[in-house]
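The block underneath contains the structure these notes are about, expressed in structure tokens.
The values are calculated or read from the model by the stated rules, or taken from the named source; none is laboratory data. Everything quoted here is computed from the prediction, not taken from an experiment. Cβ placement follows ideal geometry from the backbone for every residue including glycine, while neighbour counts extend to all protein chains displayed.
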């Protein structure tokens, strides 16, 4: 599956940018939007997803198209959650999925997923954002309104967000291609 990647140093929200530009996206490709920093990132129920400094978090959105009535958003969210769970396991961190959209390590949130859809007949546009705490400081995390952690805290070393993004994207595309629930418009490479 071919990917078109748009990267920004700063965006209010990768999901919002994707939704604003959906009409221009190629229906046969996945569009990946990343930002080094989000100023108004959001999660489910309007909660904020904060990124203190560029490179501290992975903020990205996958936008792709499925035929109408194919690809239940919750099952697609689960595929992304499973992909991140695998990435974390490969790094030596055991994460659990708190359905429908959070990943926890030792009861602390490390990542959240926000899936939004929009009908663009005959397709449904899927806009799936994920925020992952990678190198966020412990002092910043303590100020959040819920228990949270970061990959660097769990591993006691800094991690490269681009490496995490690359592996996450590879696994997510593999799961999309093999899942009958997704039935994405894309044809295999």
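Checking residue 7 against (1) in contact with a strand residue (DSSP E or B) (Cβ under 8 Å, 6 or more places away or on another chain); (2) at pLDDT 95 or above; (3) under 24 Å from residue 120 (Cα atoms), which single condition isn't satisfied?
Failed condition: (3).
Go through the residues of the stretch 101-123 one by one and say whether even a single one is touching a helix residue (DSSP H, G or I) at 6+ places or on another chain (Cβ under 9 Å), in a loop (DSSP other than H, G, I, E, B), buried (at least 20 other Cβ atoms within 10 Å of the Cβ) and modelled with pLDDT under 95.
Looking for residues that are touching a helix residue (DSSP H, G or I) at 6+ places or on another chain (Cβ under 9 Å), in a loop (DSSP other than H, G, I, E, B), buried (at least 20 other Cβ atoms within 10 Å of the Cβ) and modelled with pLDDT under 95, one finds at least one in the stretch 101-123, hence yes.
Of the conditions (1) in contact with a helix residue (DSSP H, G or I) (Cβ under 8 Å, 6 or more places away or on another chain); (2) buried (at least 22 other Cβ atoms within 10 Å of the Cβ); (3) modelled with pLDDT of 95 or more; (4) assigned to a helix (DSSP H, G or I), residue 61 clears all except one; give me its number.
For residue 61, the failing item is (4).
Any idea which residue in the stretch 136-154 is surrounded by the fewest Cβ atoms within 10 Å (Cβ to Cβ), counting only those that are modelled with pLDDT under 95 and in contact with a helix residue (DSSP H, G or I) (Cβ under 7 Å, 6 or more places away or on another chain)?
138
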